[in-house]
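Here's a structure for you.
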Amino acid sequence: MAVPEPSSFLPLPQVQFHVLVALTDGERHGYSIMQSVESSSDGIVRMGPATLYGTLKRLVDHGLAEELAHRPVPDDDQRRRYYRLTGLGQRVCAAEANRLSDLVRIARANLRPGMA
Amino acid sequence: MSASHPVYRSLVRLYPRDFRQRYGEDLVQHFADLITDRGARAAWTRTSIDLIVTMPRYRLEGIMTEQQTVTTVHLTITLLTAAGVLSFMTDLYAGQGLVGLVLLLAAVVLAMTQRSTLARAIRTPDTNRRRRRLATAAVLALIFAASYIAFVNLIGDSWTLRETLLTAIGTSAMIAAAIYLIAGLLTPKTPRRPDQAALIDH
């Protein structure tokens, strides 16, 4: 099966991008992803459980993230499921970051000449 | 264990079955972690909003998947056809022949609409085209059978508009059923995906 182009996923919904960014830091379980998203967004993005797992479901179904077969932290709660980025997920995350970066550069240039 | 957990666990049942089977335990675990970290009040505030926002959306996504939509439309067409035939075959109310015709026409229009571009755009993609075509052929064959039965029961000495309409509906349905049957049989079988999740994004 052909691997989809990262650009075909863009623009990423904000919540999906936040979760992907949280997973760039390494393997995480659901609650840890939520904490990371909150921390990286200065508390602006606060996800409830169903929003988070609905997002993870989409990312896994689209092949951007995957559930780990093994447990990276052996003494952690056995019920926790860990997730990580796939190769496609990394490329999509990078493409979205570049897209937003370009957008920010344009916005800065237009709003405050000299800042870009 | 907090008394909130069983309450939240029962609320999780409101989500579509496939979602709660896959993530139900994770949701409850997550809720328990929220209570431990931030207290019951903060956990409930966040979770209540989350529930109100996500539950209808996930339910809608479940309804809008290809298989669910096709099943619902086929069931509606079948019921309309059956109601149309019944209204022809029984003689309880004056002018019900017209009602029967309207019901049969509605079934045909619905069957045609179901094949439309708009319907395909709303639904999520389905790889099982063979099954879909065969199901459509079955529904069209049912419409043909209903029209034929109604025609046989109604035909009299004079040829009226009613007979003309029934003939038109029956012939169209028969031809379309044959086309869909052949197309369905010629379409290669595709394996069912394990997860036909909706693609509606956040």
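Could you count how many residues in the range A:26-56 are in contact with an Asp or Glu (Cβ under 8 Å, 6 or more places away or on another chain) and either part of a helix (DSSP H, G or I) or charged (D, E, K, R) (or both)?
Number satisfying all stated conditions: 8.
Turning to a different aspect of this structure: State yes or no: is residue B:8 facing chain A (nearest Cβ under 7 Å) and surrounded by 14 or more Cβ atoms within 10 Å (Cβ to Cβ)?
No: the conditions fail for residue B:8.
A follow-up question, please. Under 8 Å between Cβ atoms, at least 6 apart or on separate chains: pull out the pairs that start in the range B:41-64 with a residue that is away from chain A (no Cβ under 11 Å) and end on any residue that is assigned to a helix (DSSP H, G or I) and among the acidic types (Asp, Glu).
Once the first residue is away from chain A (no Cβ under 11 Å) and sits in the range B:41-64, its partners that are assigned to a helix (DSSP H, G or I) and among the acidic types (Asp, Glu) give B:62/B:18.
Within the group A:40, A:32, A:7, which residue is more than 10 Å from every other protein chain (Cβ to nearest Cβ), without any contact (Cβ under 8 Å) to a residue 40 or more places away in the chain and surrounded by fewer than 23 Cβ atoms within 10 Å (Cβ to Cβ)?
Criteria check complete, one pass: A:40.
Out of B:92, B:104, B:86, report the one residue that is modelled with pLDDT under 80 and loosely packed, with under 15 Cβ neighbours inside 10 Å.
Answer to the check: B:92.
What residue, among those in the range A:89-116 that are in contact (Cβ under 8 Å) with a residue 12 or more places away in the chain and touching a helix residue (DSSP H, G or I) at 6+ places or on another chain (Cβ under 7 Å), is farthest from the other protein chains (Cβ to nearest Cβ)?
Among those residues, the one meeting the criterion is A:91.
Which of the numbered conditions does residue A:66 fail, given that it passes all the others? Conditions: (1) in contact with a Ser or Thr (Cβ under 6 Å, 6 or more places away or on another chain); (2) of a type in the set (D, E, K, R); (3) part of a helix (DSSP H, G or I).
Going through the list (1) in contact with a Ser or Thr (Cβ under 6 Å, 6 or more places away or on another chain); (2) of a type in the set (D, E, K, R); (3) part of a helix (DSSP H, G or I), residue A:66 breaks only (3).
Looking for something more than 14 Å from chain B (Cβ to nearest Cβ), over 27 Å from residue B:14 (Cβ atoms) and modelled with pLDDT of 95 or more - is there at least one such residue anywhere in the range A:65-84?
Within the range A:65-84, one or more residues are more than 14 Å from chain B (Cβ to nearest Cβ), over 27 Å from residue B:14 (Cβ atoms) and modelled with pLDDT of 95 or more.
Is there a residue being in contact (Cβ under 8 Å) with a residue 40 or more places away in the chain and of a type in the set (Asp, Glu) anywhere in the range B:24-40?
no
Just to be sure, is residue A:60 of a type in the set (A, V, I, L, M, F, W, C) and in a helix (DSSP H, G or I)?
When the stated conditions are applied, residue A:60 passes them.
The values are calculated or read from the model by the stated rules, or taken from the named source; none is laboratory data. None of these values were measured; they are calculated from a predicted model. Glycine gets a Cβ as well: all are built from the backbone with ideal geometry, and neighbour counts include every protein chain shown.
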